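FYI, it's all coordinate maths here, none of it is from the lab. As the structure is a computational prediction, the values presented were derived from the model and not from experiment. Neighbour counts run over all protein chains shown; Cβ positions are idealised from the backbone, glycine included.
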Amino acid sequence: MHKEKREFLLFRLAFMILFGLLFKLSLVLTVMIALIQWIILWFQDEPVLSLSRFSRALIQYQRAILEYLSFQSDEKVFPFRDWPSETD
């Protein structure tokens with residue numbers, strides 16, 4: 001294997017570890033949002049729209065991380081590129 005390829009793979013491993021940690025954090029955040037929405041729905045008829053929008057963007061972020069981790073994409077995710085919009 002060429003030296004450049006090895007360096008690329010080592011950098012990718014570092015990003016994969018970082019993105020794996022961010023993915024775990026995002027899962028905790030997803031559960032927290034779900035619980036908050038459930039509590040709000042217990043007292044109101046509709047979920048909070050801003051939380052729903054953020055959840056949609058968070059799902060796109062999680063998908064982008066999984067694509068990077070599974071070698072489906074070479075594009076790095078937030079914070080190395082913009083946060084996904086809810087319409088992505």
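Run the Debye formula on the Cα coordinates of the chain, all scatterers equal and no solvent, and tell me log10 I(q)/I(0) at q = 0.10 1/Å.
-0.34
To the nearest 20 debye, what is the magnitude of the charge dipole of the stretch 3-70 about its Cα centre, counting +1 on the Cβ of each Lys and Arg and -1 on the Cβ of each Asp and Glu?
Approximately 400 debye in magnitude.
Got a sec to turn the phi values of the stretch 12-17 into Karplus ³J(HN,Hα) couplings, 6.51 cos²θ - 1.76 cosθ + 1.60 with θ = phi - 60°, whole Hz, x for Gly and Pro?
5, 4, 4, 5, 5, 5
If you build a Gaussian network model of the chain, linking Cα atoms that sit under 10 Å apart, which residue out of Glu46, Glu75, Glu67 swings the most?
Glu46
With an 8 Å cut-off on Cα pairs and a minimum separation of 6 or more residues, tell me the relative contact order of the chain in percent.
That works out to 28 percent.
Got a sec to turn the phi values of the stretch 65-75 into Karplus ³J(HN,Hα) couplings, 6.51 cos²θ - 1.76 cosθ + 1.60 with θ = phi - 60°, whole Hz, x for Gly and Pro?
Computed from phi, the couplings for the stretch 65-75 are 4, 4, 5, 5, 5, 9, 6, 8, 8, 9, 6 Hz.
Using the Karplus equation 6.51 cos²θ - 1.76 cosθ + 1.60 (θ = phi - 60°), what ³J(HN,Hα) coupling, rounded to whole Hz, does each residue of the stretch 40-51 give in order, writing x for Gly and Pro?
5, 5, 4, 9, 10, 8, 9, x, 6, 4, 5, 5
With point charges of +1 on the Cβ of Lys and Arg and -1 on the Cβ of Asp and Glu, referenced to the Cα centre of the chain, which listed residue (Gln72, Val28, Gln44) lies farthest in the positive direction of the dipole?
In the chain, that residue is Gln72.
Kindly rank 53-61, 77-85 from highest to lowest mean number of other beta carbons found within 10 Å of each residue.
Top to bottom by mean Cβ count within 10 Å: 53-61, 77-85.
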